[in-house]
Structures are given as C-alpha cells and as structure tokens.
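Undergrad: Provided herewith is a single structure, encoded as structure tokens, for subsequent inquiry.
Read-outs: derived from the displayed coordinates by stated rules, not from any lab. Note that the structure is a prediction, hence the values are computed from the model and not measured. Reconstructed Cβ throughout: ideal geometry from the backbone, glycine too, with neighbour counts over all protein chains shown.
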Amino acid sequence: MNKINEGRRIIIAVTERSPLPALWRVAQEHLAGPHDELITFLVHDERWSRAASLPFTREISRISGRRQDFTQWRAAQLNDETAARLLCQLQRLAKGAQRRIVLEVLPEREIGDALDRLGVAADVLIVPSELKRRPVYAELVQLRCEILIVDSEE
C-alpha cells in the first residue's frame with residue numbers, strides 16, 4: 001500500500017466518551033517510522049442535534065438545577081467544546097511523543113462520504129469498542145485495513 005519513502009497511516013476513531021489515553025497507547029505501538037502519519041477522527045454523535053430539534057427538550061444544569069430549552073445552538077456549542085477538549089488532550093499526548101497530529105470532526109451519518117472525499121486510506125484503524133455497536137462501524141470497516149478494537153479501561 002505504501003511506497004518505500006512513505007510512512008504508515010494510523011487512524012484513531014474516537015467519540016466523546018472514548019478512552020483516548022488507551023487508544024493513543026495502541027497507536028504508539030504501531031507508529032514506527034518518522035514518516036508515519038497519525039489521524040484522529042472525532043465521530044460526531046448527532047443524537048444531540050436530533051434531541052435539540054424536539055420542542056420539549058430541556059437542559060438542566062447540574063450545579064444550579066436551572067432548566068432551559070436545549071436548542072440547536074446549544075447542541076453545536078457542546079460539540080465544539082468536546083472537539084476543543086479532545087484537541088487539547090491530543091496535543092498533550094502528541095507533544096509528549098513528539099508527533100504531529102491531525103484531528104477531523106466528522107458527523108456520524110456522513111463518515112463514509114467524508115472518507116471518500118478526503119481520499120482516506122489507512123494501514124491501521126484503532127477504534128473504541130463502543131463504536132463496534134454503532135452503524136458507523138460498517139462505514140469504517142470499508143477502509144479495508146487492520147482494525148484494532150480497544151476496550152474501555154473503566
């Protein structure tokens with residue numbers, strides 16, 4: 001799949017609840033050469049957006065107990081916060097390993113099209129076990145590469 005001067009491509013697929021340190025450790029085990037590329041996909045769970053589209057959905061603050069409408073804007077804000085938190089965590093891990101990382105946020109229902117559009121191919125795909133139970137897993141296995149499933153450490 002790779003030319004002699006090119007490295008391997010390792011993809012980590014994560015969700016909001018994925019055990020990122022465990023996934024990162026597995027990725028590190030497969031990164032060998034200086035040209036190896038590490039890409040992380042945040043598989044964006046669209047259930048927040050669907051819930052926000054319902055007129056009766058409310059958000060209740062854990063701290064104050066205050067209730068407010070759960071809107072599309074709030075769902076988008078939560079998704080942005082999750083991506084930012086994940087990026088910070090990835091940057092810390094990458095800095096410690098002296099690796100460059102790429103983070104792509106992909107909506108779950110569009111992941112197949114996005115992978116085609118981005119021309120993504122992988123040598124190794126690392127996924128948390130929770131993704132195996134979701135429809136997106138069928139799209140990810142289309143990469144036709146070695147797939148490593150990582151159980152949560154909880």
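Undergrad: What is the chain's relative contact order, in percent, from Cα pairs under 8 angstrom and six or more apart in sequence?
TA: Numbers: 210 pairs, mean separation 47.5, N = 154.
For the chain, the relative contact order is 31 percent.
Undergrad: Restrict the search to the stretch 111-143; then list the trypsin sites (Lys or Arg not before Pro) that DSSP places in a loop and that have at most 10 other Cβ atoms within 10 Å of their Cβ. Each step should come with its number before you reach the end.
TA: Working: sites: R117, K132, R133; in loops: none.
Within the stretch 111-143, no trypsin sites (Lys or Arg not before Pro) qualify (loop, at most 10 other Cβ atoms within 10 Å).
Undergrad: Note the angle between two axes, namely the Cα long axis of helix 20-30 and the longest principal axis of the Cα atoms of the chain, as a number of degrees from 0 to 90, rounded to the nearest 10.
TA: With both axes taken from Cα atoms, the answer is about 10 degrees.
Undergrad: Given Cβ point charges of +1 (Lys, Arg) and -1 (Asp, Glu) and nothing else, what value in debye, to the nearest 20, does the dipole of the chain about its Cα centre take? The partial results should precede the final answer.
TA: On the way: 23 positive and 23 negative charges, 86 e Å.
Here the chain has a charge dipole of around 420 debye.
Undergrad: Working from Cα positions, state the angle (0 to 90°, nearest 10) between the long axis of helix 72-97 and the longest principal axis of the chain.
TA: Once rounded, the angle reads 30 degrees.
Undergrad: Roughly what percent of Cα-Cα pairs across the stretch 1-74 reach past 20 Å? Working shown, then result.
TA: Values: 1512 of 2701 pairs.
Percentage above 20 Å: 56.
Undergrad: How far, in nm, would the chain grow between A97 and R62 when pulled straight, counting 0.36 nm per residue and subtracting the alpha carbon separation? Don't jump to the answer; show the numbers that get you there.
TA: Values: separation 35, 0.36 × 35 = 12.60 nm, distance 3.61 nm.
Contour length minus Cα-Cα distance gives 9.0 nm.
Undergrad: Another question, if that's okay. According to the Kirkwood expression over distinct Cα-Cα pairs, how big is the hydrodynamic radius of the chain, in Å?
TA: Over the chain, the inverse of the mean reciprocal pair distance is 16.8 Å.
Undergrad: Computed over the Cα atoms of the stretch 35-77, what is the convex hull's projected area averaged over all directions, in nm²? Numbers along the way, then the final one.
TA: Values: hull surface 18.3 nm².
For the stretch 35-77, the mean projected area of the Cα convex hull comes to 4.6 nm².
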